[in-house]
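Here the structure comes first, spelled out in structure tokens, and everything after it is commentary.
The values are calculated or read from the model by the stated rules, or taken from the named source; none is laboratory data. What you see is a predicted model; the values in this text were computed from it and never measured. Ideal geometry is used to build each Cβ from the backbone, glycine not excepted, and the neighbour counts take in all protein chains shown. Surface accessibility is based on the protein's heavy atoms, side chains included, excluding ligands, DNA and RNA. Shrake-Rupley method; radii C 1.70, N 1.55, O 1.52, S 1.80 Å.
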Amino acid sequence: MADGDAPLIEVKNLGVTLNTSRGPAQAVRGVSFALRRGETLGLVGESGCGKSVTALALMGLLPDSAVISGSIRLDGAELVGLPDSAYCKLRGNRISMIFQEPMTALNPMHTIGHQVAEPLLRHTGVSAAQARQEAIALLDRVGLPDASKRVDAYPHQFSGGQRQRITIAMALACQPDVLIADEPTTALDVTIQGQILDLIADLVAERGMSMILISHDLGVIAENVERMMVMYGGTVVESGETNAVFTRMGHPYTQGLFRARPRLGARKGTRLKTIAGTVPELADLPAGCTFADRCAIAEARCRAALPAVVDVGAAHGVRCIRTDVSMAAGGVGA
Amino acid sequence: MPSSTRASRWPTCERAADRIRRHRGNRTGRAAATGFWRRALRHRSFVLGAVLSLLVLGAALLSLVWTPWSAYDIDVASKLHPPSAAHWLGTDVLGRDIVSLLLVGARSTIMVGVIAVGIGLSFGVGLGLIAAARKGWTEELIMRMSDFTFAFPAVLSAIMLAAVAGPGMVTSITAIGIFQIPTFVRVTRGSANAIWAREFVLAARAAGKGSFRITIEHVLPNILSILIVQATIQFALAILAEAALSYLGLGTQPPQPSWGRMLNDAQTLLFQSPMLAVYPGAAIAIAVLGLNLLGDGLRDLLDPRLARER
Ligand SMILES: Nc1ncnc2c1ncn2[C@@H]1O[C@H](COP(=O)(O)OP(=O)(O)O)[C@@H](O)[C@H]1O
Ligand code: SF4
Ligand SMILES: [Mg+2]
């Protein structure tokens with residue numbers, strides 16, 4: 001806290017190799033970023049792009065068979081290779097994560113009060129009664145109606161939105177420094193999505209946490225984070241200030257995502273544009289630019305090697321060798 | 001995998017279907033427990049299995065307080081009597097009352113089953129949980145060891161144990177118990193691995209829980225129903241194994257009555273008094289059938305995936 005400039009989390013050249021049914025495959029390659037205290041970072045891309053794998057790598061929650069390379073530092077301390085027992089002390093305490101699926105993220109056998117109080121009992125020295133009081137206060141803060149009465153209820157007695165509020169309370173119990181939210185609203189009704197995102201934004205601001213928000217929805221990213229990274233095929237293809245990226249999209253994939261976004265109020269019958277093709281399976285990732293198979297302006301040299309990151313603005317990088325063409329073509333509108 | 005572009009274009013439709021599916025799948029735990037007995041009483045094989053199993057249990061309990069005659073009193077003068085008012089099913093070659101022998105035999109059977117399954121459960125479940133929690137070489141070692149043990153049928157391990165420790169009830173219980181361990185290891189590890197892959201375990205780990213706590217708080221409660229079903233079926237197997245071992249003279253020793261022992265005694269008189277073999281045979285069949293039906297019924301009733309379809 002004294003040193004406001006030192007990054008809280010610093011990831012350098014992160015790589016993850018996973019065992020798939022077709023042998024080991026690189027799920028994440030060359031991911032680097034830094035996150036300072038209180039900053040918010042978005043991670044966007046179609047499903048299967050490696051967003052969750054990146055998040056799980058930060059949490060040390062990948063399967064034992066996963067091989068992780070590069071460096072992840074939390075307050076300067078290296079996390080790659082940390083034994084699980086040491087990681088346990090960080091998880092839920094300094095780094096927390098909320099998941100897509102509030103239906104399954106809670107244990108059906110325990111009361112919600114127990115599940116929210118549990119991290120407090122484990123990581124802090126409070127008594128059971130204090131933890132319970134704290135749990136009620138948290139549940140109240142995340143907007144669970146009648147928190148003090150419903151603290152002893154079981155997860156199945158709540159709606160999806162309420163359960164996501166409960167998992168948020170669980171994740172925030174120990175005042176973590178970093179919150180990773182992996183598609184926190186994807187499984188919820190559209191009407192509730194906004195409320196939950198607002199709640200998360202409020203809590204992050206209120207507690208001065210850093211947040212990594214993961215979503216496949218550019219709209220969610222645009223409204224909720226200061227900086228963003230676009231992922232495709234396990235690599236970050238574009239990164240920068242959210243405003244800068246939305247003003248001048250450099251990567252053909254980002255542009256494609258933007259064109260393909262569903263728009264409210266679009267005329268009936270208007271066909272949604274999509275990016276042709278699908279996200280490749282890990283084992284089928286092309287050697288060079290991971291997007292080459294779906295890119296309209298791909299050339300032979302795109303497939304030769306993973307393109308380097310090109311700076312197209314202040315702290316705005318694009319992993320493409322043809323940004324001159326992609327950005328000249330009018331970028332966003334094209 | 002459906003095309004991911006589609007998934008992102010039409011999020012709400014797919015999600016709605018998902019949510020409905022999940023919601024139905026979620027009726028585990030307490031919500032389902034309230035309806036358990038209502039469904040159980042309508043489940044035919046569960047009811048029949050429960051009745052037969054309770055019959056055997058009742059016989060064993062009754063033998064503790066009352067038998068028509070003493071099952072230990074030898075009265076050669078009244079040997080091989082046909083059924084009569086005094087001896088409802090007649091007497092055996094030593095003049096012992098068959099009904100009394102069957103009642104006391106039920107006690108040995110249940111005792112052997114309980115202890116052997118207890119041994120199998122405690123070691124097997126423990127090792128299976130460790131294998132699932134630790135993975136890696138620990139899991140490999142546990143699984144290879146249990147494969148190795150599994151290769152020796154109960155009868156073979158009982159013969160080996162009997163050679164070392166002498167035949168008897170303790171020997172047969174130990175042998176059957178050891179034989180049960182690998183099955184429980186496999187069933188436990190398999191179902192525990194499935195729980196370890198569930199998202200709430202990931203969430204628990206993300207909240208900083210270690211593997212011991214996750215095993216106790218998340219894995220064990222969620223595989224309990226599978227273990228109950230398996231234990232029921234293993235109980236039937238233990239009863240069969242005990243009968244086989246006693247029949248071979250490796251199990252329960254005289255004068256302690258046992259169904260397997262009674263079969264053995266009946267063997268030499270098979271043409272003279274065939275009913276002597278039928279009674280213990282029927283008792284064994286009732287116990288084994290009852291437990292198997294009970295196990296099947298419990299599996300249907302406790303497995304949320306199957307229960308949903310009903
Ligand atoms: N445990 C795993 N073992 C093998 N492959 C995995 C595993 N987890 C994820 N993958 C693969 O890694 C790729 C990236 O997945 P993920 O990070 O979950 O994508 P998303 O961006 O949708 O979160 C996908 O192709 C997925 O199939
Ligand atoms: S490097 Fe080539 S294939 Fe990749 S996005 Fe740029 S132009 Fe397209
Ligand atoms: Mg994901």
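No other residue among A:150, A:163 is under 23 Å from residue A:59 (Cβ atoms) and among the basic types (Lys, Arg) apart from A:163. Counting only residues that are farther than 21 Å from residue B:203 by Cβ and within 16 Å of ligand 3 (Cβ to nearest atom), segment A:42-86 holds 6 of them.
The number of residues in segment B:213-236 being open to solvent by 40 Å² or more (accessible area, probe 1.4 Å) and in contact with a Ser or Thr (Cβ under 6 Å, 6 or more places away or on another chain) comes to 1. One residue is enough: does segment B:193-200 have a residue meeting the conditions assigned to a helix (DSSP H, G or I), surrounded by 21 or more Cβ atoms within 10 Å (Cβ to Cβ) and away from chain A (no Cβ under 14 Å)? No, segment B:193-200 has no match at all.
Checked against (1) open to solvent by 10 Å² or more (accessible area, probe 1.4 Å); (2) more than 13 Å from the chain's Cα centre (by Cα); (3) β-branched (Val, Ile, Thr), residue A:225 passes all but a single condition, namely (2). Scanning segment B:201-221 for residues that are under 27 Å from the mean Cα position of the chain (by Cα) and in contact (Cβ under 8 Å) with a residue 40 or more places away in the chain, we see that the one that is farthest from the other protein chains (Cβ to nearest Cβ) is B:215. Flag set for residue A:10, criterion: crowded, with 16+ Cβ neighbours inside 10 Å, away from ligand 3 (no atom under 16 Å from the Cβ) and either within 13 Å of chain B (Cβ to nearest Cβ) or touching a residue at least 60 places away in the same chain (Cβ under 8 Å) (or both).
Residues of segment A:157-209 that are within 20 Å of residue A:41 (Cα to Cα), of a type in the set (Gly, Ala, Ser) and crowded, with 22+ Cβ neighbours inside 10 Å: A:171, A:181. Here residue A:74 meets each of (1) open to solvent by less than 30 Å² (accessible area, probe 1.4 Å); (2) in the same structural domain as residue A:167 (by TED's automatic domain parsing); (3) in contact (Cβ under 8 Å) with a residue 40 or more places away in the chain with one exception, condition (2).
Of everything in segment A:119-150 that is in a loop (DSSP other than H, G, I, E, B) and closer than 20 Å to residue A:92 by Cα, the residue that is most open to solvent (accessible area, probe 1.4 Å) is A:125. In segment A:163-189, how many residues are more than 8 Å from every other protein chain (Cβ to nearest Cβ), hydrophobic (A, V, I, L, M, F, W, C), more than 18 Å from residue A:153 (Cα to Cα) and not in a loop (DSSP other than H, G, I, E, B)? Matching residues across segment A:163-189 total 5. For first residues located in segment B:172-194 and over 12 Å from residue B:113 (Cα atoms) and free of Cβ contacts under 8 Å to residues at least 60 places away in the same chain, partners that are open to solvent by 10 Å² or more (accessible area, probe 1.4 Å) and hydroxyl-bearing (Ser, Thr, Tyr) and lie 6+ apart or on another chain with Cβ distances below 6 Å form the pairs B:178/B:157; B:182/B:149. When A:97, A:103 are checked against the criterion of being at the interface with chain B (Cβ under 9 Å from one of its Cβ atoms), assigned to a strand (DSSP E or B) and open to solvent by 10 Å² or more (accessible area, probe 1.4 Å), a single residue qualifies: A:97.
Rundown of residues vs (1) within 16 Å of ligand 3 (Cβ to nearest atom); (2) at pLDDT below 90; (3) open to solvent by less than 60 Å² (accessible area, probe 1.4 Å), yes/no style:
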{"residue": "B:18", "(1), (2), (3)": "yes, yes, yes"}
{"residue": "B:32", "(1), (2), (3)": "no, yes, yes"}
{"residue": "B:50", "(1), (2), (3)": "no, no, yes"}
{"residue": "B:62", "(1), (2), (3)": "no, no, no"}
{"residue": "B:69", "(1), (2), (3)": "no, yes, no"}
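Counting just the residues of segment A:228-253 that are open to solvent by less than 10 Å² (accessible area, probe 1.4 Å), hydroxyl-bearing (Ser, Thr, Tyr) and assigned to a strand (DSSP E or B), which one comes out farthest from ligand 2 (Cβ to nearest atom)? If we take residues in segment A:228-253 being open to solvent by less than 10 Å² (accessible area, probe 1.4 Å), hydroxyl-bearing (Ser, Thr, Tyr) and assigned to a strand (DSSP E or B), then A:235 is farthest from ligand 2 (Cβ to nearest atom). Listed by first and then second residue, the pairs with beta-carbon distance under 7 Å, at least 6 apart or on different chains, first residue in segment A:209-238 and farther than 19 Å from residue A:57 by Cα and within 14 Å of chain B (Cβ to nearest Cβ), second of a type in the set (Phe, Trp, Tyr) and within 16 Å of ligand 2 (Cβ to nearest atom), are A:218/A:258.
Of the residues making up segment A:18-46, those that are near ligand 1 (Cβ under 10 Å from one of its atoms) and buried (at least 18 other Cβ atoms within 10 Å of the Cβ) are A:18, A:26, A:27, A:28, A:43, A:44, A:45, A:46. Any residue at all in segment A:66-75 that is within 13 Å of chain B (Cβ to nearest Cβ), modelled with pLDDT under 95 and touching a helix residue (DSSP H, G or I) at 6+ places or on another chain (Cβ under 9 Å)? For segment A:66-75, residues within 13 Å of chain B (Cβ to nearest Cβ), modelled with pLDDT under 95 and touching a helix residue (DSSP H, G or I) at 6+ places or on another chain (Cβ under 9 Å): present. Considering segment A:290-309, and only residues there that are within 16 Å of ligand 1 (Cβ to nearest atom) and open to solvent by less than 30 Å² (accessible area, probe 1.4 Å), the residue that is farthest from residue A:238 (Cα to Cα) turns out to be A:294.
Could you tell me whether residue A:58 is touching a residue at least 60 places away in the same chain (Cβ under 8 Å), more than 8 Å from ligand 1 (Cβ to nearest atom), within 19 Å of the chain's Cα centre (by Cα) and under 24 Å from residue B:133 (Cα atoms)? When the stated conditions are applied, residue A:58 passes them. Say we look at segment B:40-53 and pick out the residues that are aliphatic (A, V, I, L, M) and in contact (Cβ under 8 Å) with a residue 60 or more places away in the chain; which of these is farthest from residue B:107 (Cα to Cα)? Selected residue: B:40.
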